[in-house]
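The values are calculated or read from the model by the stated rules, or taken from the named source; none is laboratory data. These numbers come from a predicted model, not from an experiment. For neighbour counting, all protein chains shown are included, and Cβ atoms are generated from backbone atoms with ideal geometry for every residue, glycine included. Note: accessible area is taken over every heavy atom of the protein model, side chains too, but ligands, DNA and RNA are not part of it. Shrake-Rupley method; radii C 1.70, N 1.55, O 1.52, S 1.80 Å.
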Amino acid sequence: MTGTLPTQATGELSAESLLDAYRTMRTIRMFEERVHDEFATGEIPGFVHLYAGEEASATGVCSHLDDRDAIASTHRGHGHCIAKGVDVKAMMAEIYGKRTGSCQGKGGSMHIADLSKGMLGANGIVGGGPPLICGTALAAKQQGTGGVGVAFFGDGASNQGTTLESLNLASVWNLPAIFVAENNGYAEATASTWSVASDNIADRAAGFGMPGVIVDGFDFFAVHEAAGEAITRAREGGGPTLIEVKFTRYFGHFEGDQQTYRADEVANARENLDCLKRFRERVTGGGEVTDEALDTVDSEVAALIDAAVAEAKDAPKPSQADLETDVYVSY
Amino acid sequence: MLASADPATTVGIVANPASGRDIRRLVAQASVFPTAEKANMVQRICGALGVLGIGRVLMSTDLGGISAAVLRAVRTRRDSEAPWPEVEFCELDRLTESAADTTHMVRRMIDAGARVIICLGGDGTARVAAAACGDTPLLPLSTGTNNAFPRLREATVAGLAAGLVAARAVDVPTATRRASMLEVHAGERTEFALVDVCVCTARYVGSRALWDPATLTELYCTFAEPDGIGLSSVPGQLCPSPREKPDGVALRLGPPDRARHVVHAPIAPGLVVPVGVLDCRPLRPGERVELGTTHGVLAVDGERELEHRGAHPATVCLRPDGPRCIDVSAVLRAAAHQGLLTDIQLNPTEAA
């Protein structure tokens, strides 16, 4: 009698991997806090929706992905882009609407995409990502690449027909797809405890014949472990998984949101639950990584964000001639 | 006997919204225990308590939808339905959505007069409720992933047993059994386990669950049943120790190719795996054992709980003074013996 067991991948993270994860989370945090500050100056066009507080989700999931894999994001997509390896300077330029941006400044915050990195795009359509991932997962399955598709979506999107149809399709076709429901408690200003009939989004997985699990979204190690198992399962032909990641976003739904619908939960989360604080305490407490090494990452990331903002501000805007480029895309 | 309880008699019900949701649904096909079913169980308990005339239920609150579903049921009950106790919702100033909610809720219920605490969850939930219960009888009902401690029981029957104990129709010595527990000291933290404590080489608590035996080095159990589920099933097959005995068991684990015994054990729902056992011995009550690591994760009742990085090794000790748990079978046997659920009619209507 023998059994093949899944590996508890968290226990195998090297010091280098831990530093990489910290760098990704810190980059997301500093990127978002800087966009928060810069948006207030009025220089950034359009809307921005910030991912601060949710870093462990994008990082914990995307740290298992490689060039075979694709992700679909949401309107709150900066964290997913950074975690999937999209160039930070190009992202900042895109948010400023500049020609040097990821999409030549024509998309802005809600449409950052980089197909070369397997980042299919932030998405202004709530529930727009899951159907895309069924497509990319079907392609990976048909072509036998071993790739997977990951759809990030929020608690609001969990109630959309597109999401529910995608869960069904992924299960019927046994697709290598992972659905990551990022439940930050509010769809704009509507509490998920009110608007999600089953209360736990993960509970819906059973109805589609796939595993559904809940993880603490403030805990990188919890997300990393659950995502690792789901992605391994998908790569090996085991089919789709729904992971519900629970946490709190630190900023409003969009920049400018007065947040009259929630009380002091953000202060509590920042103080007691913050993913970066907890990560630092645990990896330095165990001796795997030193405070000095993490401080060095902080400095390097701060310099990167400063440079990204400065270069974005200096970059040219799209010209009149750019109006007729990127209109049609051939695949 | 029916409907004869003092109307002031109070039963507390605490239901964990997070139980039955962890990664073992992904790695081991563990069962899903939906919110709706937990709320249904509460309603079945209330129905049984109402029949016994229990006047008041203190119900836990949560953000997972259980208490909301119970509130909806309370508000939509019809006059034609059998009466329920008054259901009061035990609200905390702030729900933390952590084990602390269960602790605070149980303490409040006991302070407010609950004579029995019914707890819906798995081993983890029962452990937390037990630590807060003091001497108040506890009835753990299984709605979790790994359920070595709570028995699988129909909630209606459990409700009857809880109501009979709360109403003092069956005396506490007959109705309850004192469980053992393991006390773990790791640095400044103290934890309790109702079933097992395990030392794991993983560095982080991560997603909490344990499913890879290659990471386990030491195991201590309050009891070990041959038909158990979870880590205690390993000694359950090798050196069984019934719940009723004061002794527990202690095992050193290792790679199957270097172990004297390899037990094919159901260490989690859906996972029957080979576990290497280097040695196995009885664990005596009061014996304090120093664990063989200063750096590692300690799991209690099947869940990674503590990341221990102390200068000194953690210790574990088997204590005989665990929670006082209601023995549903014993209560209903006593009820049958005393006719507590049986009416005798002196002039029954003759069948036509």
Note to self: If I take all pairs of Cα atoms in the stretch B:109-195, what percentage of them are more than 20 Å from each other?
What the structure shows: 37 percent
Next item on the list: With a cut-off of 19 Å, note down the residues of the stretch A:71-97 whose backbone N falls inside the zone around a label point 7 Å from the Cα of A:Glu43 toward its beta carbon.
Entry: A:88-97
Notebook entry, point to check: How big is the Kirkwood radius of the stretch A:121-270, worked out from every pair of different alpha carbons and given in Å to one decimal?
Noted result: 15.8 Å
Item checked: Translational diffusion of chain B, µm² s⁻¹ [Kirkwood Rh, Cα pairs; Stokes-Einstein; 20 °C; 1.002 mPa s] -> 102 µm²/s
Next item on the list: Using a Gaussian network model of chain B whose springs link C-alpha atoms within less than 10 Å, name the residue from B:Thr217, B:Thr190, B:Thr125 with the highest mean-square fluctuation.
Entry: B:Thr190
Next item on the list: Report the far tail of the P(r) of the stretch B:181-319, meaning the percent of Cα-Cα pairs longer than 23 Å.
Entry: 25 percent
Notebook entry, point to check: How far is helix B:35-51 tilted, in degrees, relative to the longest principal axis of the Cα atoms in chain B, given as a value from 0 to 90 rounded to the nearest 10?
Noted result: 50 degrees
Note to self: Residue by residue through A:281-287, how many Cβ atoms from other chains fall within 10 Å of the Cβ on average?
What the structure shows: 3
Check: Where is the GNM fluctuation largest for chain A (alpha-carbon springs, 10 angstrom cutoff): A:Gly97, A:Gly121, A:Gly286?
Finding: A:Gly286
Next item on the list: With r as the distance between the Cβ atoms of B:His295 and B:Thr156 and R0 = 41 Å, compute the FRET efficiency 1/(1 + (r/R0)^6) and round to 0.05.
Entry: 0.30
Notebook entry, point to check: HN-Hα J couplings of the stretch B:256-271 from phi, Karplus 6.51/-1.76/1.60, θ = phi - 60°, integer Hz, Gly and Pro as x?
Noted result: x, 6, 10, 9, 5, 10, 10, 9, 8, 10, x, 7, 7, x, x, 10
Notebook entry, point to check: Got a sec? Which residues in the stretch A:167-192 would a label at A:Tyr261 touch, if it sits 7 Å along Cα→Cβ and we count backbone N under 15 Å?
Noted result: A:183-192
Check: Which of the GluC sites (Glu not before Pro) across the stretch B:48-115 are loop residues per DSSP, with 16 or fewer other Cβ within 10 Å?
Finding: B:Glu81, B:Glu91, B:Glu97
Notebook entry, point to check: Tell me, what is the FRET efficiency for B:Glu91 and A:Thr325 to the nearest 0.05, using R0 = 45 angstrom and their Cβ-Cβ distance as r?
Noted result: 0.15
Next item on the list: Add +1 for every Lys or Arg and -1 for every Asp or Glu among the other residues with Cβ under 12 Å from the Cβ of B:Arg260, and state the total.
Entry: 0
Next item on the list: Return the whole-Å distance between the Cα centroid of the stretch A:161-237 and the Cα centroid of the stretch A:284-331.
Entry: 29 Å
Item checked: chain A: relative contact order as a whole-number percent, Cα under 8 Å and 6+ apart -> 22 percent
Margin query: Under 5 Å between amide hydrogens, which residues at least 5 positions from B:Thr176 or on another chain qualify, with H placed 1.01 Å from N in the peptide plane?
Written below: B:Asp327
Next item on the list: Within the set of other residues whose C-beta is less than 14 Å from the C-beta of B:Gly310, count the net charge using Lys and Arg as +1 and Asp and Glu as -1.
Entry: -2
Check: Hey, how many Å between the Cα centroid of the stretch B:15-90 and the Cα centroid of the stretch B:114-136?
Finding: 16 Å
Next item on the list: Within the set of other residues whose C-beta is less than 13 Å from the C-beta of A:Met30, count the net charge using Lys and Arg as +1 and Asp and Glu as -1.
Entry: -4
Item checked: Shielding score for B:208-217, defined as the mean number of other chain Cβ atoms within 10 Å -> 3
Next item on the list: Return a single number: how many Lys pairs in chain A, at a sequence separation of 8 or more or on separate chains, have alpha-carbon atoms below 28 angstrom apart.
Entry: 26
Item checked: Residue among A:Leu115, A:Leu242, A:Leu138 with the largest mean-square fluctuation in a Gaussian network model of chain A, springs linking Cα atoms under 10 Å -> A:Leu115
Check: Say each of B:Asp257 and B:Ala311 gets a label point 7 Å from the Cα, pointing the same way as Cα to Cβ; how far apart are those two points in nm?
Finding: 4.0 nm
Checklist line | the stretch B:181-319 - percent relative contact order, Cα under 8 Å, separation 6 or more | finding: 30 percent
Next item on the list: Calculate the tail of P(r) for chain A: the fraction of all Cα-Cα distances greater than 25 Å, expressed in %.
Entry: 50 percent
Check: For chain B, what relative contact order do you get, as a whole percent, if you take Cα pairs closer than 8 Å and at least 6 residues apart?
Finding: 19 percent
Note to self: Rolling a 1.4 Å sphere over the protein heavy atoms, what is the accessible area per residue of chain A, to the nearest Å²?
What the structure shows: 40 Å²
Check: Once you put a point 7 Å from the Cα of B:Arg243 and another 7 Å from the Cα of B:Arg72, both along the Cβ direction, what distance in nm separates them?
Finding: 3.4 nm
Next item on the list: From the C-alpha gyration tensor of the stretch B:140-235, pull out the three semi-axes of the equivalent ellipsoid (sqrt of 5λ each), sorted largest to smallest, in whole Å.
Entry: 31, 16, 13
Note to self: What does the buried accessible surface come to for B and A, summed over both chains, with the probe at 1.4 Å? Round to 100 Å².
What the structure shows: 2800 Å²
Checklist line | Distance-filtered residues of the stretch A:244-267 - backbone nitrogen under 14 Å, label point 7 angstrom along A:Glu33 Cα→Cβ | finding: A:250-251
Notebook entry, point to check: Nearest 0.05, what FRET efficiency do A:Asp67 and B:Ser80 give at R0 = 45 Å with Cβ-Cβ as r?
Noted result: 0.10
Item checked: Measure of compaction for the protein assembly as shown (Cα Rg per 2.2 N^0.38 Å) -> 1.04
